[in-house]
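All remarks here apply to the structure that follows.
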Amino acid sequence: MGKNDQLQGTLDLLVLKTLAQVGSMHGYGIALHIQRVSEDLLRVEEGSLYPALHRIEESGWISSEWRASENNRRAKYYQLTPQGRKQLVRQEKSWQRIVQGVGSLLKFA
Amino acid sequence: MSLFSRVAATFRRNKKDDDLEEELRSHREMRARDNVNAGMSEQEADLDALRRFGNSASIQESTRSAHIVLWLETVLQDARFGLRMLSRTPGFTIVAVLTVALTIGATAAVFAVINSVLLRPLPYENPERLIVIATFMPRESSEVTASPHYVAFKTNSRILEDAGAYSPEDYNVSGAGEPERLHGVVATASFFSTLAVHPALGRVFTVEEDMPGAEKVVVISHSFWQRHFNSDTGVVGKTILLDSVPHVVIGVLRSSFRFPDSDLQPELIVPAAMPTNNGDANQPMLIVSVIGRMKRGVSLEHAQSDLENVFQQYLASMNSKFGAFFEGASVHTRLLETELVGPVRRPLLIIMTAVGFVLLIGCLNIASLQLARAVQRSQEVGVRSALGAGKLRLLRQLITENLVLSGCGSFGGLLIAVVAASLVRAAKLSALPHVAEIRVDFWVLGFIALITLAAGLFFGVAPALWVNGTDPAEAIAKGNRSTASTKHRRLRNLLVIAELAVALILLAGAGLLVRSFSRLLAVDPGFDFHNVLTARISFPLSSLRQQESRFAFLDQVTQELRALPSVESVGTTNSLPLLPYENSLSVVIEGKPAPPKGMSPFVPLLQINPDYFHAMKIATMAGRSFNNSDTRTSAPVAIVNQAFARRFFPGEAALGKRFRVPAPSGPPPALTTIVGVVGDVHHLGLAQNASPEVYSPLAQSRIYDGVTFVIRTSQMESTSAALRRIIAKLDSNQPVSDVTSMEQKLSASLSARKVNMVSLGAFALLALVLSAVGIFGVLSYSVAQRSHEIGVRMALGSDRERVVKLVLREAAWLSVTGALCGTAGALALTRFMSSLLYHTSAFDPLTMICVSALLIAVGILAGYVPAHRASRVDPMIALRAE
């Protein structure tokens, strides 16, 4: 589907982790959160954020509902589902393995 | 996400889009607000928010693709996978695709016929309001509608919007080119308005032209216009000679026009110009067919009772003689559609049922094969489900695969249907109305698509059910060779028994038709139809030829024919067997109590020359034949058939008895003496019993409409050429029509039955072959599955013969059970075809026994190859395979 599956997987992980930390958040908030926590290292493009959110929702890992935002605007809030929590654990593990693998490879080189 | 919600999502796309758009807008607004807080101007803030977003339409697009593309991709992937699986087992695929092609092709072809004959509405405006009105005369047990009745219906009924009448009338068309004898009708001007006919050229005739004494005009058919006038658009206003009378062509009908009586197909329509008749039985009347158009909202029952009232009031108002003539007559009303398709509805529906059964057998067959494959593939399925494929996903894969299979087959079926439709068109079966319009149109294509889908789902379901019951762990562990569970084997056996049962029903139906047909062929027609040439010459009523010159002309032709070396004898008759009677008379037997006035029985009258019985080889049972001394001036004589003798002189000799032909007026007619009794002829067809008939010498009568020659000759071709030559030489304006052999006439009279028999027989044969393939498949598979068991048996000392018997016993068990179930089904169904059978019971035991024996024999034969294969099992190899 995407040009870069690895990146997509990463974005999924970031979204899931964000929602695990803040509980429930709209798309804009998720993007801001990732940017802020990563100290501006990771910038999420709106163009890939929303397809990712919908894809993850279809996989059943997150659910959504329309609510009033902090400024009394309507916004769509996402939260983790129980499956999403399990998926996050799996993805975190596999991410750690990748980091380990890449890290040792870099060290070896 | 389930398949259902994904499909639902594609349909709910708009709502999702709205949702997404609102979500994106709320995002943009939040960004813009933060921008303003960061010190941008409002305009800048908005622009930045928008720019960061890029193309929001493209985001929506790629978000939505999560719904549709994913779904479509899996479907395509399934189809590709299905094709790959099918190409991996070419044997199975070829058998399955051929089965689908044959069965769907046959079903679609029959549907194409039904579609154009039964389902397509008549080619008139609001055909559901068109009715046929006839008056039924119990005395003649036939419908005789006279022109005054028509006038009464048309003027006095309150339920008719319009009504028209017509009557068949053939014409000698002469002038330019070879003279032709053509079918035509005389019709009222209202005939055209009732059917709402619009001509292609010119106009139809007016009420004024439909009056006695008006200028002679004619409306011609499209085909006559093409043939006779080379499609000349300037034809209107030209004159043609009909029976030597000039008629002005005023219009040409459209090629799409169909005459309501498909037997007639007239080329010429001439104004009826009915004589006004106030109910005087001595005045000329016309026997007509009446078509009425009911007013909107009138039911057939209402029309029937209204027309009956009108008719009875009209009869009561007539003078006594006319009233007596139509005493006891009543009105028969029916829809024009019923009239047209009535006789062919039952046979067509039976053939459609038969072909539906063949389709069912084909599907059962493929289902059974698929089931065997599903078992063989249980390991593959197990692996896939262990790898995370959901049950629904596997089910969909299987069903897609089967739809691919039925789709491939139905392409072949489409070709078969197209070819079959053109064959039916070319065969020009006269029994089928609208036969020329039979083609594979969008309705038939839709029908093919529908049954393709249904068939694919049907034979996809059995393996799918099997898959649902597979435990992945067990399947992987046991591998491909495993799991011939009894439950599964029982299911396949059931499928095969169902196939055999259905095949037996078809065989029984076809067998009954064959038996009925052979009984019909065994009927002695009462004459020898071999080596008889027939030809009709017609004399128009208005012809200048007088009676004397007609007789002289006949004599001349007869003598010149007789002089030909190949000609044995030359007979003439006014009414040829296997065609409707031309004439009839009412008889009053001398010395018997006279029946009430006007109730004397009507008997068909055949006017013949002395050589007729010899030419037809009709047996003389008593007395003499006619001879040349029976003339206009000698005492009136007649010869009767045995049916006449049985009916009027039961238990006594008819020879020498006398009868009178009552005349409506004038002096009492002379007595006619019966001088001979001849054998019965099945005049109205082999299936009809002979009716009482009177033969009289043509010399003692008048030559009316025309005469048919029956020439016994050893040389058909040269004699028919000589006949044409002789007539052309004597009178170049005298046409000859209907030149054919008696043998062809007989075979034409049987053609409808033959078509029924051949089509049902072909379908039964197809069913038999398919179920033989089915039983073969089941047994082959069971032998392959049981090779281990067979190996053990053989290792333990069982010989090959016993192994063969083991398999054949299974084949016999399946066939006998199938035959028994099928016989029960046949006994329940064949009674619907009683009306198609001649002197054959729908439960004919011999037929049932024969077809059961055939089915069982074929079933056991189909088991022979697998049985042989089982006997070749090498016990060592079979056991080592463990």
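The values are calculated or read from the model by the stated rules, or taken from the named source; none is laboratory data. Since the model is a prediction, treat every value here as computed from it, not as a measurement. Here Cβ is always computed from backbone atoms with ideal geometry, including for glycine, and neighbour counts include all displayed protein chains.
Observations on the model:
- Of the strands (runs of 3 or more DSSP E) lying entirely inside region A:4-96, those carrying at least 3 residues that are within 13 Å of chain B (Cβ to nearest Cβ) and within 20 Å of B:S26 (Cα to Cα) are A:62-68, A:74-80.
- Selection of first residues in region B:827-854 that are in a helix (DSSP H, G or I) and of second residues that are of a type in the set (F, W, Y), restricted to Cβ pairs under 8 Å at least 6 apart or on distinct chains, gives the following pairs, ordered by first then second residue: B:L827/B:F843; B:T830/B:F843; B:R831/B:F843.
- Qualifying residue in region B:238-250 (condition: free of Cβ contacts under 8 Å to residues at least 24 places away in the same chain and small (G, A, S)): no
- Among the residues making up region B:206-237, a single one is closer than 16 Å to B:Y171 by Cβ and surrounded by fewer than 13 Cβ atoms within 10 Å (Cβ to Cβ): B:S223.
- Taking the numbered list (1) within 12 Å of chain A (Cβ to nearest Cβ); (2) modelled with pLDDT under 75 in turn, B:A32 passes all entries but (2).
Here is a yes/no grid of residues against (1) closer than 20 Å to B:T206 by Cα; (2) at pLDDT below 85:
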site	(1), (2)
B:A134	no, no
B:M137	no, yes
B:Y150	yes, no
B:G164	yes, no
B:P179	no, yes
B:F192	yes, no
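- Scanning region B:598-636 for residues that are among the polar types (S, T, N, Q), closer than 12 Å to B:A699 by Cβ and not in a loop (DSSP other than H, G, I, E, B) returns a single hit, B:Q607.
- Single match in B:T338, B:T333 (criterion: of a type in the set (V, I, T) and under 18 Å from the mean Cα position of the chain (by Cα)): B:T338
Here's the yes/no breakdown for (1) farther than 28 Å from B:L130 by Cβ; (2) among the β-branched types (V, I, T):
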position	(1), (2)
B:G237	yes, no
B:V248	yes, yes
B:R258	no, no
B:I269	no, yes
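- From the options B:T534, B:T572, residue that is of a type in the set (S, T, Y), over 19 Å from B:L684 (Cβ atoms) and crowded, with 19+ Cβ neighbours inside 10 Å: B:T572
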